[in-house]
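First up is the structure itself, then whatever we jot down about it.
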Amino acid sequence: MKVTVIGSGNVAEALVKGCLKASIQLSQICSRNELRGKFLASIAKTKWFNKAIEASDVYLVAVKDSAIEEAILQANIPLDSVIAHTAGAVSIEAIPDKYKNRAVFYPFQTFTKGIDVDFETIPIFCEATNQKTLETITTLAGLLSKAVYEAGLDTRCRIHLSGVFVNNFVNHMYSISRKILQKQDLPFATLFPLMKETLRKAMANEDPDDVQTGPAVRGDLGTISRHLELLEDDENMCNIYKSITQNICKRTLKKD
């Protein structure tokens, strides 16, 4: 199976490295960013173009959500090609309908430039406009990952939403916590043992609610009040604390 990767960002880099590890032939890298495109092409031992020149079995479009249609049209891809975008919360309709073999190839992971990931463990969610295209795209996904699922837009949006909570929002909480510690000249690393144990417990239990701890679960109003006093100079942080605390309390009452 020959694959062209369109794009040169973090997702594109991860796909290139994943394809190499899985011995999937990369026909070319196609991107507007020549420097990054040529860098990925050098890793893949293939060619870089700003338009798709060589024929491929699958074209993976790994660009920002708003640029999917533009990237495809600029790449001048043959109309009978299998084209898949990699966005979780974007409809398959983002691919122009003149292409009949449209698909979605959504790897559910956060990707960082220069950081290698184990694609075998990453869930990949697929959708296609016809059965043959679905078989092609799930076959490709199966070469990369041991966890491949068929998922339409509604399911992918919910998966994407869960990812925002567990990744983006959690990381924002890390940022808030770091700023709180900085006021006492304490390093962010002070939190690392707690962060690791919190993740371990959540992953070891079917329901994270079962391992929820803290003053909200205990109904410790005195501690909650003291925390709010410490945050009273920052209305935004205070509101975040109140909202999450109230939500934990409600969930605890429901389980009781």
Response to the item:
Residue hits (region 123-146; more than 19 Å from residue 63 (Cβ to Cβ) and of a type in the set (Val, Ile, Thr)) are 129, 133, 136, 138, 139
Item to complete: Identify the single condition in (1) on the phi < 0 side of the Ramachandran plot; (2) out of contact with any Cys (no Cβ under 6 Å at 6 or more places or on another chain); (3) surrounded by fewer than 22 Cβ atoms within 10 Å (Cβ to Cβ); (4) not acidic (Asp, Glu) that residue 124 does not satisfy, given that it satisfies every other one.
Response: (3)
Discussion item. Conditions first: (1) within 20 Å of residue 117 (Cβ to Cβ); (2) at pLDDT below 95; (3) basic (Lys, Arg). Residue 47 passes all but one, so which condition is the exception?
Written reply: (1)
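For region 77-88, what are the residues that are exposed (fewer than 15 other Cβ atoms within 10 Å of the Cβ) and of a type in the set (A, V, I, L, M)? It would help to see each step written out before you state the result.
Applying the first criterion (exposed (fewer than 15 other Cβ atoms within 10 Å of the Cβ)) to region 77-88 yields 78-80.
Correct list: 79 only.
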Practice prompt. Go through (1) under 20 Å from the mean Cα position of the chain (by Cα); (2) charged (D, E, K, R); (3) closer than 24 Å to residue 99 by Cα one by one and return the number of the condition residue 17 breaks.
Written response: (3)
Practice prompt. Taking the options 138, 190, 198, 213, name whichever one is exposed (fewer than 14 other Cβ atoms within 10 Å of the Cβ) and either under 24 Å from residue 250 (Cβ atoms) or touching a Cys at 6+ places or on another chain (Cβ under 9 Å) (or both).
Written response: 213
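The values are calculated or read from the model by the stated rules, or taken from the named source; none is laboratory data. Keep in mind that this is a model prediction, so the values were computed, not measured. Virtual Cβ from ideal backbone geometry, glycine too; neighbours counted across all protein chains shown.
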